[in-house]
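Enquirer: Below is a structure I'd like to ask you about.
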Amino acid sequence: MAKNTNIRISLPAVCFVWQIAMIILFGVFIRYDEESDTHWIEHRRKKNISTNLENDFYYRYPSFQDVHVMIFVGFGFLMTFLKRYSFGGVGFNFLIAAFGIQWALLMQGWFHHLDEHDWKIKIGVENLINADFCVASCLIAYGACLGKVSPVQLMVLTLFGVTLFAVEEYIILELLHAKDAGGSMVIHTFGAYYGLTISWVLYRPLLSQSKHLQGSVYHSDVFAMIGTLFLWMYWPSFNSAIADHGDGQHRAVINTYLALASSVLTTFAISSISQNNGKLDMVHIQNATLAGGVAMGTASEFMITPYGSLIVGFCSGIVSTFGYLFLTPFMEKTLKIQDTCGIHNLHAMPGVIGGIVGAITAASASESVYGQEGLINTFDFKDAVANRTVNIQGGYQAAALFVAIAFGLVGGALVGGILKLPIWGDPADVNCFDDDVYWEVIVFFFFLNELHGTDMV
Amino acid sequence: MAKNTNIRISLPAVCFVWQIAMIILFGVFIRYDEESDTHWIEHRRKKNISTNLENDFYYRYPSFQDVHVMIFVGFGFLMTFLKRYSFGGVGFNFLIAAFGIQWALLMQGWFHHLDEHDWKIKIGVENLINADFCVASCLIAYGACLGKVSPVQLMVLTLFGVTLFAVEEYIILELLHAKDAGGSMVIHTFGAYYGLTISWVLYRPLLSQSKHLQGSVYHSDVFAMIGTLFLWMYWPSFNSAIADHGDGQHRAVINTYLALASSVLTTFAISSISQNNGKLDMVHIQNATLAGGVAMGTASEFMITPYGSLIVGFCSGIVSTFGYLFLTPFMEKTLKIQDTCGIHNLHAMPGVIGGIVGAITAASASESVYGQEGLINTFDFKDAVANRTVNIQGGYQAAALFVAIAFGLVGGALVGGILKLPIWGDPADVNCFDDDVYWEVIVFFFFLNELHGTDMV
Amino acid sequence: MAKNTNIRISLPAVCFVWQIAMIILFGVFIRYDEESDTHWIEHRRKKNISTNLENDFYYRYPSFQDVHVMIFVGFGFLMTFLKRYSFGGVGFNFLIAAFGIQWALLMQGWFHHLDEHDWKIKIGVENLINADFCVASCLIAYGACLGKVSPVQLMVLTLFGVTLFAVEEYIILELLHAKDAGGSMVIHTFGAYYGLTISWVLYRPLLSQSKHLQGSVYHSDVFAMIGTLFLWMYWPSFNSAIADHGDGQHRAVINTYLALASSVLTTFAISSISQNNGKLDMVHIQNATLAGGVAMGTASEFMITPYGSLIVGFCSGIVSTFGYLFLTPFMEKTLKIQDTCGIHNLHAMPGVIGGIVGAITAASASESVYGQEGLINTFDFKDAVANRTVNIQGGYQAAALFVAIAFGLVGGALVGGILKLPIWGDPADVNCFDDDVYWEVIVFFFFLNELHGTDMV
């Protein structure tokens, strides 16, 4: 049955309406914070800040730019691996990230940064990083739906995804006072279950009609490696971008660097052992090598020790590769969850591992290892939680993991229901994974196919 | 009529003569500044600088590297979109940028940084950033000529382009005392009109003979997205790289980030609404999404407010996309301007918008918003212009825009005349957009074309 | 004769054994240093450090990330130029770099950073940079062997390469007290001769059987330009990453930036002059343009002057391009050294030039140019070498160059002998440069070849 994929009205309408809404809401709510305002010079004098370098900009801007590259080039190019959906992979990633960061500045601002005096949100570089983080969860969710949804659906997915994220993040970081610097729980676990549940609701029984396009070609796999490598290289910046100044950022980088290195080796090992002749599978190399970064998200700031980081990467690389080998086919057949990019293997499972590792590491923290001040600083045991012990902190970390999963599952079910409405211009089962539906594309490849009577291009 | 495209003498001659000239002129004029000289330790003691971190290197180096990536990967890969001119796009971009930055260090040094005592130019990281900026204007101009000129012509275009830039920049920044941190006027407006005028002088009435090569293929469009995204992601660094330490850099990043996000949404909207079925056009996505960054160049340091930035991006995305839809064909047919990359849409119009926005924002600045010190700092109202009012500043900003346009038009006409001489080895109309003219290339694609009797590769 | 390329047991075994060994050794030896440990706050108080910014993290992290990109994307994508070995190029580069950085942290730690009190190695961001540097030498060696070895061989090559590097580096930097901030000798000269000697030992007389795959196609050359440009752009960070705080890093960036720019022009010149019609060769542009960065490695911190840097780049670009034109074919025919990527031209010769330039520049240093304190700081003339003169320093620099070459030649011969054992699963001569041996690949291209009876794909 042919579907109407004409989005000539709906996509421009959504883009215009939402962008205009952003302008109005920004006009009402968003202002520069004291470090990005021209009054900074007065602020410096008042607070006795000796140098411009103490502006948070200089602590965090390099990390911000790395995170920014991960969001747009990392996620974007990782999703170019399909032979005929590279435009949609990198292009729609671009669209929804650009929208999402605006909406995230508002949503996160209302929950975390609303000035009680003038009801304004004052933004600086840390808000930009957090907005990029928030959007990452929606891009993860996109990974499960890649090739099967319209850009209008993606805009809806992002609108609700950012909204849910902000609430979930508020509960986890502010109410539970859990730590999650690199977002194993807040970003990866939530984003993955959000996307998987949506994909489950939108299950396509006849997706095999597009089977000939659901794969890569030689060059598209090389494009995807651009995404993989920029994610892999900059992940230490991701996990340290909003960590504490000084040792916090420094330690988060070391831990993440090591966990990532370790998961590369176990990914290659499992990928090779699983195939005849030990041939490696590019899907594994593109994805499971990143599992160490995901799994180190929560504990990156903690004194998990360098060898602890290696162990985390070791395990998550194995789990993730096994996921691609066995779980993805199982989920598609038995659970009716079609997960194009395998986000369950790259984000859900390593995210959950990261949450558990964080809870255990927090619960086993001690003054002898952290130092008295170090322990307080690392876990922010002050004000309302000044008397919290590490054991209780471990419990709250575990609770946070369940909150993230619950928000993903329930939110995904609700948003999936909305996206199931027959008004969003999504493709028919036979037209999935095909850029020709939403993009003007050159027809060479199809021509070649006809000529050769083959679809191996 | 066949043309002689043999550059075996001319290209090496130009490269050697100009590089040797650079070595001699650097030997006479260029020295390290006090922050990159081994006497820094004495300088620190004399000026009572407490830490090495106060070396400008630590304020600006991360931004410099981002700008550097924009120049070489951003511009370079954006110009790989043509199906058979990717080598020329990224390769000649590399050549002229590498030459241009050397010449720019000298030209900008003579105009801005010549030490009156010893007649030396003292360089540091800010000079490197400015050299990259200067070269950007020539790379923009290259965009209009892409595929139609020889590398020798490009070297000439760059030699004169950098020279004109340095004079124009001196007039705008020093004489008019206009502000233009991200170069909406100085870089984009000048560069675009310089290139468009050259392209107009070099008009090729029979260019349609190369029509079969003037387009993209699937993979070349993905390559171009690498350029687009690195430009888009790092544009906040471009507009803040030489902004004031502290709040100046911080605010420029926020404004640019927001303007860029906004222009992505309006670009997708207009691209979709303009086509049957709402299909998106990769040319728009690759280019018009960047218009917000161009248009935020002048006002990036100002208190334009976050929602003001969104509005600037909103409008420039629309204007730029409409340019690709209607103006480029109109200019080619009626004005005889062949603009391969559509730089009129991406740089000229958004650049002019940026200049106007800058003038208006400056004219409407006030002490109540900026604070007394903030106003002085932001507009550098001191020394010769200590008594300048914001209204007058607005007037000078507007004058600066006209200077940039005038330099582009007059300079482009002169340089275009030089490039029209039949000695530079440019390709015949039938050989444009073809790497085979200047590069050793593998002949597979042509072979395939013959076999299939088609040129759709 | 068919060879057994089945690595289903050996590759996973090597990966697991070595990764588990890393975990154990890290557990025994590696700890956070005082700047990445939670006791940093106490350390700050004790040392009277006024701000978190004085944490070395903020001096070096941006440079570290640039170096990290060079290692994984720079080297990785530079090696994607072969038409059918892009997976192996970028993928195996990923594997051995991820292993090598772990082993390097240990080896370099034992030699340079072993705490005498508790026999632990305390790591921070500078160790991560040095680990990346160390791995670079093995990736250079991989360049000579690209397409002709198995991943298991590469793991062995890296294990021994890192080990040799750490010893050689210890001798050069600690015993000889030579300076080599960007590693012209320690990294490039050693790595290149190590790889070339291995390639000589593994000489394949019938390699011409794979001749049809030993070349690029249009798209693979564009992919390789990604590698080239990221190496080129970030090389200033490479040569400055571990330079002295303040003017040292600042000057190293300027010198490298200029040398690189200069070698681009001479590369284009020689490439053009060497061909009929002056057509450019992508192999030269992808490689020889980087020679200036290699050759500036040793002297980057010195007061070589800006025009001195231009001269270094000028010469090394010429030498490197001539190497590709004449030396590589000569070495293959006469010396029986098959050098896939031409590392002799990009790393060995420019590395040696860099070592010589460093020795001369050091020997001609003077208090009048450097200042008294500047001279001491730049060459670290204190403690055991407090009385060393610049002439003697020049002699030690020259000695260091010979140490690097000797370690490369002897180490390469030994490791080559080990890799010659018939147990590592390397491909037969007829199967070189072919991803199909170690990767699951889509068979489209081969299909097309058969259909067309050609191998020009």
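Enquirer: So what's the gap between the Cα centers of region A:201-254 and region C:158-185, to the nearest angstrom?
Expert: Between the Cα centre of region A:201-254 and that of region C:158-185, the gap is 35 Å.
Enquirer: Mind scanning C:Lys179/C:Lys382; C:Lys211/C:Lys336; A:Lys3/A:Lys420; A:Lys46/C:Lys47 and naming the pairs with a C-alpha gap bigger than 23 Å?
Expert: Beyond 23 Å: A:Lys46/C:Lys47.
Enquirer: Tell me what the protein assembly as shown gives for mean residue ellipticity at 222 nm when only DSSP H runs of n ≥ 4 count, each as -39,500 (n - 2.57), the sum divided by the residue total, rounded to 500 deg cm²/dmol. The partial results should precede the final answer.
Expert: Details: 54 runs with 795 residues, N = 1371.
Helix contribution divided over all residues of the protein assembly as shown: -19000 deg cm²/dmol.
Enquirer: In whole Å, how far is the Cα centre of region A:96-129 from that of region B:293-371?
Expert: So the separation of the two Cα centres works out to 26 Å.
Enquirer: Given a 1.4 Å probe and every protein chain left where it sits, what share in percent of the accessible area of region A:290-385 is carbon and sulfur? Don't skip to the end; give the middle numbers.
Expert: Working: 2140 of 3160 Å².
Roughly 68 percent of what the probe reaches on region A:290-385 is carbon or sulfur.
Enquirer: So what are the radius of gyration and Dmax for the Cα set of chain B, in Å?
Expert: Considering chain B through its Cα atoms, Rg and Dmax are 22.2, 75 Å.
Enquirer: Moving on. Could you rank the peptides B:176-185, A:213-222, C:330-339 by their average count of other C-beta atoms within 10 Å per residue, with the highest value first?
Expert: Most protected by this proxy first, the peptides run B:176-185, A:213-222, C:330-339.
Enquirer: Region A:61-75: which residues show an accessible-area loss of 30 Å² or more, assembly versus chain alone, 1.4 Å probe?
Expert: Buried by 30 Å² or more upon assembly, which counts only protein chains, are A:Tyr61, A:Pro62, A:Gln65, A:His68, A:Val69, A:Phe72, A:Val73.
Enquirer: Let me ask something else. Over region A:195-309, average the accessible area per residue using a 1.4 Å probe and give it in Å², no decimals.
Expert: In whole numbers, region A:195-309 has 17 Å² accessible per residue.
Enquirer: Something else about it: Got the relative contact order for region C:70-199 handy, in percent, Cα pairs under 8 Å and 6 or more residues apart?
Expert: Relative contact order of region C:70-199: 27 percent.
Enquirer: Label points 7 Å out from Cα along the Cβ direction at B:Ala428 and A:His112: separation in nm?
Expert: 6.4
Enquirer: Still on this structure, I have one more. How far is helix A:151-169 tilted off the main Cα axis of chain A, in degrees rounded to 10, range 0 to 90?
Expert: Roughly 30 degrees, rounded to the nearest 10.
Enquirer: Spelling out what I want: for every residue of region B:228-234, take phi, set θ = phi - 60°, compute 6.51 cos²θ - 1.76 cosθ + 1.60 (Karplus), and round to whole Hz; glycine and proline get x.
Expert: Rounded to whole hertz, the list is 4, 5, 5, 5, 4, 5, 8.
Enquirer: Could you please put A:His250, A:His212 in sequence from largest to smallest accessible area, using a 1.4 Å probe?
Expert: A:His212, A:His250
Enquirer: Let me ask you something else. Rounded to a whole number, what % of the accessible area of region B:17-77 do carbon and sulfur atoms account for, probe 1.4 Å? Before the final figure, lay out the partial values.
Expert: Details: 1170 of 2080 Å².
Ligands and nucleic acids excluded, carbon and sulfur give 56 percent.
Enquirer: Same structure, new question: With angles folded into 0 to 90 degrees, how steeply does helix C:56-69 sit against the dominant principal axis of chain C? Use alpha carbons for both and round to 10.
Expert: Compared with the principal axis, the helix lies near 10 degrees.
Enquirer: Can you list the residues of region A:22-40 whose accessible area drops by at least 10 Å² going from the chain on its own to the full set of protein chains, with a 1.4 Å probe?
Expert: With the partner chains in place, region A:22-40 has these residues losing at least 10 Å²: A:Ile23, A:Phe26, A:Gly27, A:Ile30, A:Arg31, A:Tyr32, A:Glu35, A:Ser36, A:Asp37, A:Thr38, A:His39, A:Trp40.
Enquirer: Right, another one. Restricting to Cα pairs below 8 Å that are 6+ residues apart, what does the relative contact order work out to for chain B? Please round to a whole percent.
Expert: 23
Enquirer: When a/c is below 1.5 the answer is rounded, else prolate if a/b is larger than b/c, else oblate, so apply that to the protein assembly as shown with a ≥ b ≥ c taken from the square roots of the Cα gyration tensor eigenvalues.
Expert: Rounded shape, in that the Cα axes give a/c under 1.5.
Enquirer: Taking the axis about which chain A rotates onto chain B, which residue of A lies nearest it as judged by Cβ position, and how many whole Å separate them?
Expert: Of all Cβ atoms in chain A, the one nearest the axis gives A:Pro62, 3.
Enquirer: What total accessible area, in Å², is buried where chains B and A meet, using a 1.4 Å probe and rounding to the nearest 100?
Expert: 7000
Enquirer: When Cβ neighbours within 10 Å are restricted to other protein chains, what is their mean count per residue of peptide A:279-285?
Expert: Numbers: counts 11, 13, 2, 7, 1, 1, 6.
That average works out to 6.
Enquirer: Sorted by accessible area (1.4 Å probe), largest first, how do B:Ile49, A:Ile24 line up?
Expert: Details: B:Ile49 45, A:Ile24 105 Å².
Sorted descending by solvent-accessible area, the residues read A:Ile24, B:Ile49.
Enquirer: Something else: Please state the charge dipole magnitude for region C:25-94, taken about the Cα centre, from unit charges on C-beta atoms (+1 on K and R, -1 on D and E), reported in debye and rounded to the nearest 20.
Expert: Working: 8 positive and 8 negative charges, 56 e Å.
So the magnitude is around 280 debye.
Enquirer: If packing is taken as the average count of other Cβ atoms within 10 Å, what order do C:33-45, A:78-90 fall into, highest mean first?
Expert: A:78-90, C:33-45
Enquirer: Just the accessible area per residue of region C:1-82, please: how many Å² with a 1.4 Å probe?
Expert: 38
Enquirer: Which ³J(HN,Hα) values in Hz, rounded to whole numbers, follow from the phi angles of region A:9-25 under the Karplus curve 6.51 cos²θ - 1.76 cosθ + 1.60, where θ = phi - 60° and Gly and Pro get x?
Expert: Here the 3J(HN,Hα) series is 9, 5, 5, x, 4, 4, 4, 5, 4, 6, 5, 5, 4, 4, 4, 5, 5 Hz.
Enquirer: If amide H atoms are built 1.01 Å from N in the plane of the peptide, which residues on other chains or at least 5 residues away come under 5 Å of the amide H of B:Leu114?
Expert: Placed amide hydrogens put nothing under 5 Å from B:Leu114.
Enquirer: Something else: Could you tell me the distance between the Cα centroids of region A:26-83 and region C:381-425, to the nearest Å?
Expert: If we compute the Cα centre of each part, the gap is 44 Å.
Enquirer: Counting only other chains, and only Cβ atoms inside 10 Å, what mean value do you get across the residues of A:308-315?
Expert: Across the residues of A:308-315, the mean count of other-chain Cβ atoms within 10 Å is 4.
Enquirer: Amide H of A:Ile123 versus every other amide H placed in the peptide plane: which residues, excluding those fewer than 5 positions away on the same chain, fall under 5 Å?
Expert: Sorted by chain and number, the residues that satisfy this are A:Arg31, A:Tyr32, A:Asp33.
Enquirer: If you don't mind, another one. Using the per-residue mean of other Cβ atoms lying within 10 Å as a proxy for protection, in what order, highest first, do the peptides A:281-288, C:409-416, C:379-386 fall?
Expert: Packing order, densest peptide first, comes out as A:281-288, C:409-416, C:379-386.
Enquirer: Can you list residues from other chains, or at least 5 along the same chain, whose modelled amide H is less than 5 Å from the amide H of A:Leu280?
Expert: So A:Leu280 has HN proximity to C:Trp439, C:Glu440.
Enquirer: Charges only on Cβ, +1 for Lys and Arg, -1 for Asp and Glu: so what's the dipole of the protein assembly as shown about the Cα centre, in debye to the nearest 20?
Expert: 2180
Enquirer: Measure off, as a whole percent, the carbon and sulfur share of the 1.4 Å-probe accessible area of region C:116-166, all protein chains present.
Expert: Whole-percent figure for carbon plus sulfur exposure: 60.
Enquirer: Oh, and also: Taking θ as phi - 60°, what are the ³J(HN,Hα) couplings along region B:101-108 by the Karplus curve (6.51, -1.76, 1.60), each to the nearest whole Hz, with x for Gly and Pro?
Expert: Listing the rounded values in order: 5, 5, 5, 5, 4, 6, 4, 5 Hz.
The values are calculated or read from the model by the stated rules, or taken from the named source; none is laboratory data. None of these values were measured; they are calculated from a predicted model. Cβ coordinates were reconstructed from backbone atoms using ideal geometry, including for glycine residues, and neighbour counts include every protein chain displayed. Accessible surface areas use protein heavy atoms only, side chains included; no ligands, DNA or RNA. Shrake-Rupley method; radii C 1.70, N 1.55, O 1.52, S 1.80 Å.
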